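Written below as structure tokens is the structure these notes are about.
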Amino acid sequence: MSYARPKGTFDILPYAPKADDLWKTSPLWQHVTTLCKELAHLYGFSEVATPIFESTWLFTRAAGDDSDVSKEMYQFSDKGGRDLSLRPEGTAGVVRAFIENGLHQLGSSHKLFYLGPFFRYDRPQAGRYRQFHQFGAEAFGVSSPERDFEVIMMLYKLYTKLGLKDLNLLINCLGDESARAEYVTKLKNFLTPHLDQLGADSKRRLSANPLRILDTKDPKELALLEKAPSILECLSKESLTQFETLVSYLKEQGLPVTVTPRLVRGLDYYNETVFEVTAGAKGAQNALGGGGRYDHLMKKYGGPDLPAVGFAVGIERIILAMLDQKVRLPESRKPVAHIIVMEEKAKKAVSMNLESVRAEGIAADMVCVKKIQKGLTEANKRGASFALIIGSNEWEKGQFQLKSMKSGKLSEHPLTQMAQILKEQSKTYET
Ligand code: HAM
């Protein structure tokens with residue numbers, strides 16, 4: 001019997017066994033997630049971590065029964081008969097944690113971020129997995145164009161700092177409840193005479209959740225919707241002014257904004273601002289991230305009446321887009337020493353030296369091999385900055401050879417000075 005991971009999941013590995021596996025390598029993941037955390041810090045967001053599973057109702061109440069997210073959940077009963085689900089998204093859990101821990105008692109404005117795995121039972125394909133990873137940010141307590149602007153700027157900065165180009169920021173305003181009610185009536189009136197052009201799903205949604213029809217990928221329905229009324233026509237004066245202010249702020253910062261009245265997003269909790277970012281024409285189907293305002297979710301869960309806005313990005317999609325756009329990938333700037341020992345007697349002395357090297361903050365490893373080439377190949381694979389070579393000749397002289405992996409330059413030094421020499425040499429590697 002052979003073991004295989006579940007469909008739609010993947011392993012993150014230290015290096016890529018095949019060229020296609022590069023997106024699943026941990027240095028790349030670390031690069032992206034480190035930047036997420038740095039940006040969160042820069043914009044004043046603090047980390048939260050919530051359980052990977054929660055009560056099923058928590059998610060369905062937030063996302064809506066008719067949303068794809070609710071339908072795609074990994075739902076199960078535990079041994080105590082509780083109805084639980086693996087989290088399909090982060091917002092619901094963060095709002096639950098906020099209320100349950102009484103964070104609102106600690107001030108009126110809170111900015112939280114999270115990073116971790118999420119689960120959706122969808123048809124796996126490139127950029128769509130059953131276990132995927134999100135970096136998400138949620139800001140509670142302020143409802144203003146300035147707060148929306150700040151959240152969208154942070155999202156956008158993440159992509160640009162990673163070197164992504166050809167970005168599109170799609171943005172829309174869903175207005176308040178009465179604007180949506182007015183729009184739903186207009187949309188129904190528009191679609192009802194064209195029932196024959198709607199698929200079974202959209203026909204059902206026409207009475208269950210008409211806004212969701214705007215999410216369709218069906219080309220025939222999309223062509224019909226071109227002529228549909230726009231939600232922007234139904235906005236209150238206040239919503240429209242706030243939305244126009246936000247769009248003007250974003251344009252002032254040079255963001256590639258496209259007002260997209262058909263953008264509703266796949267979750268029911270949104271009101272007012274919604275947005276999504278895509279990269280290039282090829283990425284149009286697969287959003288790199290998205291979010292919006294959800295001012296009523298906290299109250300719906302029995303918490304305080306606090307407005308909120310947030311976003312989440314898919315880490316897999318970001319990395320795939322970086323590779324697709326051939327973004328220059330970061331080189332490790334930290335020195336790494338790879339010590340190749342070909343003399344049995346040297347093992348103990350090198351083990352002791354290794355501790356002194358590590359005490360200097362230099363990552364170091366020892367491999368015992370018979371042939372130098374094998375050791376050097378491994379040093380390369382590990383991305384080492386230095387290879388240290390100790391064969392029987394060097395051992396007899398009490399020396400080691402130091403090879404700079406960057407320049408190929410060789411030099412010889414006393415074994416007793418290993419840590420000190422590496423410390424001096426590695427200064428040229430650090431920024
Ligand atoms: P979402 O649009 O459902 O929003 O997901 C956010 C991002 O997660 C997507 O744009 C995509 O990059 C990534 N993603 C979603 N599903 C998959 C999948 N199956 N495989 C790979 N990546 C995926 C939310 O989850 C909201 N909670 C965002 C939010 C936060 N709104 C307000 N606050």
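Take the convex hull of the alpha carbons in the chain; its mean projected area over all directions comes to 27.2 nm².
One way to sum up the overall shape of the stretch 312-431 is the equivalent ellipsoid from its Cα gyration tensor, whose semi-axes run 32, 15, 13 Å, largest first. With q set to 0.14, 0.18 Å⁻¹, the log10 of I(q)/I(0) for the stretch 63-158, from the Debye formula over equal scatterers at the Cα positions, is -0.70, -1.04. On the basis of the beta-carbon distance and an R0 of 22 Å, Ser26 and Arg128 show a calculated FRET efficiency of 0.55. Put simply, the stretch 71-122 fits an ellipsoid with semi-axes of 26, 15, 7 Å; these come from the alpha carbon gyration tensor as the roots of five times its eigenvalues, largest first.
Excluding same-chain neighbours fewer than eight residues apart, the lysines reachable from Lys188 by a Cα-Cα span under 20 Å are Lys203, Lys217, Lys220, Lys227. Between the C-alpha center of the stretch 194-245 and that of the stretch 96-169 there is a gap of 25 Å. Computed from phi, the 3J(HN,Hα) profile of the stretch 338-348 under the Karplus parametrisation 6.51, -1.76, 1.60 (θ = phi - 60°) reads 10, 9, 9, 10, 10, 10, 3, 5, 7, 4, 5 Hz, with x in place of Gly and Pro. Under 23 Å of direct C-alpha separation, and excluding same-chain neighbours fewer than eight residues apart, Lys423 reaches these lysines: Lys334, Lys347, Lys348, Lys381, Lys397, Lys403, Lys406, Lys409. Taking only the alpha-carbon positions of the stretch 1-151 and ignoring solvent, what does the Debye formula give for the base-10 log of I(q)/I(0) at q = 0.13, 0.17, 0.18 Å⁻¹? Rounded to two decimals, the profile gives -0.75, -1.15, -1.23. Residues whose amide H comes within less than 5 Å of that of Leu13, counting only those at least five positions distant or on another chain, are Thr25, Ser26 (H built at 1.01 Å from N in the peptide plane).
How far is the Cα center of the stretch 32-54 from the Cα center of the stretch 340-382, in Å? Rounded to whole Å, the Cα centres lie 36 Å apart. Between the helical axis of 91-100 and the longest alpha-carbon principal axis of the chain there is an angle of about 90 degrees. Rounded to the nearest angstrom and listed largest first, the equivalent-ellipsoid semi-axes of the stretch 251-308 from its Cα gyration tensor are 27, 14, 9. Against the longest alpha carbon principal axis of the chain, how many degrees, from 0 to 90 and to the nearest 10, is the axis of helix 372-381 turned? Tilt of helix 372-381: around 20 degrees.
Across the stretch 47-56, rounded Karplus estimates of 3J(HN,Hα) from the backbone phi angles (6.51 cos²θ - 1.76 cosθ + 1.60, θ = phi - 60°) give 6, 10, 9, 10, x, 6, 10, 9, 4, 4 Hz, Gly and Pro being marked x.
For the chain, the longest principal axis of the alpha carbon atoms and the long axis of helix 26-42 meet at an angle near 60°. Excluding the site residues themselves, the longest part of the chain lacking any chymotrypsin sites (Phe, Trp or Tyr not before Pro) in a DSSP loop with at most 13 other Cβ atoms within 10 Å is 16-431. In a DSSP loop and with at most 15 other Cβ atoms within 10 Å, the trypsin sites (Lys or Arg not before Pro) in the stretch 175-282 are Lys217, Lys227. In the calculated pair-distance distribution of the stretch 152-257, the portion above 20 angstrom amounts to 52 percent of the Cα-Cα pairs. Fully extending the segment from Thr416 to Glu146, taken as 0.36 nm per residue of separation minus the present Cα-Cα distance, adds 91.2 nm.
Only the coordinates and a few stated rules stand behind these numbers; no lab work does. Treat the numbers as computed from the prediction; the structure is a model and nothing was measured. Virtual Cβ from ideal backbone geometry, glycine too; neighbours counted across all protein chains shown.
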